[in-house]
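The values are calculated or read from the model by the stated rules, or taken from the named source; none is laboratory data. All values reported here derive from a predicted model rather than from experimental measurement. Cβ atoms come from the backbone with ideal geometry, glycine included; neighbour counts cover every protein chain shown.
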Amino acid sequence: MQYAFILGRVYTLSLAELIAVFKIMGVEFKILACAPEVIVLETNKALDVKILQARLGGVIKIIKILDIFQKKGKEYPSQVLETYFNFKRINKDFFTEYSGKKQFGVSIYNLDPTVRFKEEAQRIAFFIKKILQDESQSVRAVIAQFPSQALSSVLVNENHLLTKGAEIVIISGNQKLFVGKTMTVQNYEDYGRRDYQRPARDERTGMVPPKVAQIMINLAGNFKPLDYILDPFCGSGTILQEATLMGYRAVGSDLDKKAVENSEINLEWFRNRYHVAPGRYKLFHSHAAEISLQLPNYKISAVVTEGTLGPIYGKVPKKPEMVANFKGLSKLYDQVFKEFAKFLSPGSRVVMCLPAYKVGHVDYAYMPDLDFATQNGYTVQAPISSEIKTKYKFLKVTERNSIVYDRKDQIVAREIIIFQNGPSVDESEPASLVEEAQNTNSETALADVSSSKAESDNT
């Protein structure tokens with residue numbers, strides 16, 4: 001089975017999550033093509049795309065690939081597909097059964113940044129529309145706003161394309177062209193509800209977005225239903241709510257009484273809004289370095305937390321101030337990681353956000369070392385294997401195997417790191433994936449030149 005995944009804005013984090021979830025689900029796969037915005041995979045079994053989409057915080061669309069074509073040189077997609085679409089194929093292979101006026105859209109994702117398409121999606125959409133109208137089928141084409149050649153998840157949802165017709169997707173490289181249809185799109189409305197409709201919000205101290213919380217939980221390992229996830233810096237409770245929604249139980253604590261109160265308010269709202277069973281979370285007012293005192297009755301499977309990022313800045317702080325902040329946090333986290341060792345089993349993970357100050361367009365100032373964890377017996381786990389990082393140089397993994405999540409004009413970004421209690425273990429992807437990454441032709445390597453491309457969509 002072949003699928004394409006449209007990755008979120010911080011595409012490296014989205015890909016790391018996808019690989020982690022595939023490992024949890026026992027899905028073997030190999031990469032057929034990869035670029036910052038999209039990855040095309042072949043899997044060893046069919047995927048339940050609705051369940052998978054709901055689990056992935058960093059994937060915008062899941063597409064089923066129906067056909068693959070060889071390209072010659074700089075052929076445009078419309079040239080390759082000149083005789084491909086016909087009335088029977090469009091209705092049988094692409095369109096959902098619907099008795100009313102059909103609605104469809106065409107999206108093109110480009111794997112080859114050296115080629116620029118102008119109005120290719122519109123050209124193909126109008127061609128398909130004419131085929132259908134010539135057979136007296138009532139149809140409406142939804143067009144992406146120029147210069148984009150791809151429909152956003154918002155447009156796909158608002159125009160009901162997946163229930164009234166189809167989103168036809170074309171993924172174009174320099175040697176291959178993939179044609180498919182969108183099976184699911186991310187429920188952006190629900191993520192917004194989980195974020196902005198909570199009754200207790202404290203934007204002054206910063207809040208991890210629900211999508212990022214979900215990604216971090218997925219990076220924390222493979223858990224059984226009702227296992228306990230701990231967030232000892234729970235703030236307004238975002239990580240706790242996402243853990244309960246994913247079927248786990250959550251334990252949260254914070255030194256700030258107001259934060260614990262906000263978490264309680266938000267989690268009660270969340271439990272009622274999303275029909276979460278009672279008893280799925282527990283909150284404590286506690287210093288993170290003393291949290292083990294509250295946990296004799298709870299077997300914690302993993303720690304997932306934003307931690308303390310320090311002061312929030314409107315402009316880049318001076319270097320001495322950064323140094324002072326990092327020094328204070330290192331001291332705190334040394335105490336905290338010693339505490340984690342009291343209740344985490346060997347092999348358990350701590351997925352944590354550390355502060356990273358944005359000092360340039362793509363440059364960050366990080367905490368100078370991770371001794372607070374490594375000297376207490378923890379190892380840093382690579383979010384993406386070295387084979388994949390080497391092949392796809394546009395992936396943005398730091399030298400110490402972390403991934404930075406930030407937003408436009410944000411001074412204090414989040415450096416997301418996976419720590420493991422005990423020695424590192426082999427986290428390489430299935431052999432088929434590594435082999436494909438090593439041996440594939442220049443089709444995927446072309447994406448390397450797009451390392452400065454703005455990361456896409458809305459994670």
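Can you tell me which condition Met246 does not meet? The list is (1) within 21 Å of Tyr405 (Cβ to Cβ); (2) surrounded by 21 or more Cβ atoms within 10 Å (Cβ to Cβ); (3) hydrophobic (A, V, I, L, M, F, W, C), and all the others hold.
It is condition (2) that Met246 fails.
Sort out which residues of segment 79-119 are assigned to a loop (DSSP other than H, G, I, E, B), farther than 15 Å from Pro147 by Cα, of a type in the set (A, V, I, L, M, F, W, C) and without any contact (Cβ under 8 Å) to a residue 60 or more places away in the chain, and write them in order of number. Spell out how you get there, then give the answer.
The initial filter retains those residues of segment 79-119 that are assigned to a loop (DSSP other than H, G, I, E, B), namely 81-86, 95-101, 111-119.
Those left that are additionally farther than 15 Å from Pro147 by Cα: 81-86, 95-101, 111-112, 114.
Narrowing further to those that are of a type in the set (A, V, I, L, M, F, W, C): 81, 85, 95, 111.
Across segment 79-119, the qualifying residue is only Phe85.
Go through segment 9-24 residue by residue and tally those that are farther than 21 Å from Arg407 by Cβ and either of a type outside the set (A, V, I, L, M) or without any contact (Cβ under 8 Å) to a residue 24 or more places away in the chain (or both).
The qualifying residues number 2.
Considering only residues that are basic (Lys, Arg) and surrounded by fewer than 19 Cβ atoms within 10 Å (Cβ to Cβ), which ones fall in segment 169-207?
Residues satisfying the conditions are Arg193, Arg201, Arg204.
Out of all the residues in segment 291-317, which are more than 20 Å from Pro225 (Cβ to Cβ) and in contact with a Ser or Thr (Cβ under 9 Å, 6 or more places away or on another chain)?
Ile291, Leu293, Gln294, Glu306, Leu309, Ile312
To keep it simple, each residue is scored yes or no on (1) surrounded by 15 or more Cβ atoms within 10 Å (Cβ to Cβ); (2) at pLDDT 95 or above.
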residue: Phe104; (1), (2): yes, yes
residue: Ile131; (1), (2): yes, yes
residue: Ala141; (1), (2): yes, yes
residue: Gln145; (1), (2): no, no
residue: Ser148; (1), (2): no, no
residue: Leu151; (1), (2): yes, yes
residue: His160; (1), (2): no, yes
residue: Glu167; (1), (2): yes, yes
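Restricting the search to segment 225-273, which residues are assigned to a loop (DSSP other than H, G, I, E, B), out of contact with any strand residue (DSSP E or B) (no Cβ under 8 Å at 6 or more places or on another chain) and at negative phi?
Pro225, Ser236, Met246, Asp256 - these are the residues of segment 225-273 that are assigned to a loop (DSSP other than H, G, I, E, B), out of contact with any strand residue (DSSP E or B) (no Cβ under 8 Å at 6 or more places or on another chain) and at negative phi.
Quick one: which of Pro383, Pro423 is of a type outside the set (S, T, N, Q), buried (at least 17 other Cβ atoms within 10 Å of the Cβ) and within 21 Å of Tyr333 (Cβ to Cβ)?
Residue meeting the stated conditions: Pro383.
Among Asp195, Asp134, which is under 24 Å from the mean Cα position of the chain (by Cα) and more than 16 Å from Lys64 (Cβ to Cβ)?
Step by step, each of Asp195, Asp134 is checked, and only Asp195 is under 24 Å from the mean Cα position of the chain (by Cα) and more than 16 Å from Lys64 (Cβ to Cβ).
Within segment 202-225, track down each residue that is over 20 Å from Glu17 (Cα atoms) and touching a residue at least 40 places away in the same chain (Cβ under 8 Å).
Asp202, Arg204, Thr205, Gly206
Any chance segment 154-176 includes a residue that's closer than 30 Å to Ala413 by Cβ and polar (S, T, N, Q)?
Within segment 154-176, one or more residues are closer than 30 Å to Ala413 by Cβ and polar (S, T, N, Q).
Confirm whether Ala125 is within 24 Å of the chain's Cα centre (by Cα), outside any strand (DSSP E or B) and among the small types (Gly, Ala, Ser).
Working: within 24 Å of the chain's Cα centre (by Cα): no; outside any strand (DSSP E or B): yes; among the small types (Gly, Ala, Ser): yes.
Judged against the criteria, Ala125 is not a match.
Please enumerate the residues belonging to segment 163-200 that are assigned to a loop (DSSP other than H, G, I, E, B) and hydroxyl-bearing (Ser, Thr, Tyr).
Of everything in segment 163-200, nothing turns out to be assigned to a loop (DSSP other than H, G, I, E, B) and hydroxyl-bearing (Ser, Thr, Tyr).
When you go through (1) closer than 27 Å to Ser14 by Cα; (2) among the charged types (D, E, K, R); (3) modelled with pLDDT of 95 or more one by one for Lys358, which number turns out not to apply?
(3)
If you go through segment 344-359, how many residues are within 23 Å of Gln214 (Cα to Cα) and in contact with a helix residue (DSSP H, G or I) (Cβ under 9 Å, 6 or more places away or on another chain)?
Total meeting the criteria: 8.
Of the residues Ile90, Ile39, Ile68, Ile60, which is out of contact with any Ser or Thr (no Cβ under 7 Å at 6 or more places or on another chain) and under 30 Å from Pro210 (Cβ atoms)? Explain how you work it out, then say what you get.
Values: Ile90 fails: under 30 Å from Pro210 (Cβ atoms); Ile68 fails: under 30 Å from Pro210 (Cβ atoms); Ile60 fails: out of contact with any Ser or Thr (no Cβ under 7 Å at 6 or more places or on another chain).
Answer to the check: Ile39.
For segment 234-247, does any single residue satisfy the condition of being under 18 Å from Cys353 (Cα atoms), at pLDDT 95 or above, touching a helix residue (DSSP H, G or I) at 6+ places or on another chain (Cβ under 6 Å) and of a type in the set (Ser, Thr, Tyr)?
Yes - at least one qualifying residue is present in segment 234-247.
Looking at segment 112-134, which of its residues are over 16 Å from Gly165 (Cα atoms) and touching a helix residue (DSSP H, G or I) at 6+ places or on another chain (Cβ under 6 Å)?
Asp112, Pro113, Glu120, Arg123
Looking at (1) among the basic types (Lys, Arg); (2) in the same structural domain as Gln53 (by TED's automatic domain parsing); (3) within 30 Å of Leu240 (Cβ to Cβ), which is the only condition Lys164 fails?
(3)
Out of Ala200, Ala220, I need the residue that is small (Gly, Ala, Ser) and in contact with a strand residue (DSSP E or B) (Cβ under 9 Å, 6 or more places away or on another chain). Which one? Give the derivation first.
On the way: Ala200 fails: in contact with a strand residue (DSSP E or B) (Cβ under 9 Å, 6 or more places away or on another chain).
One residue alone meets the criteria, Ala220.
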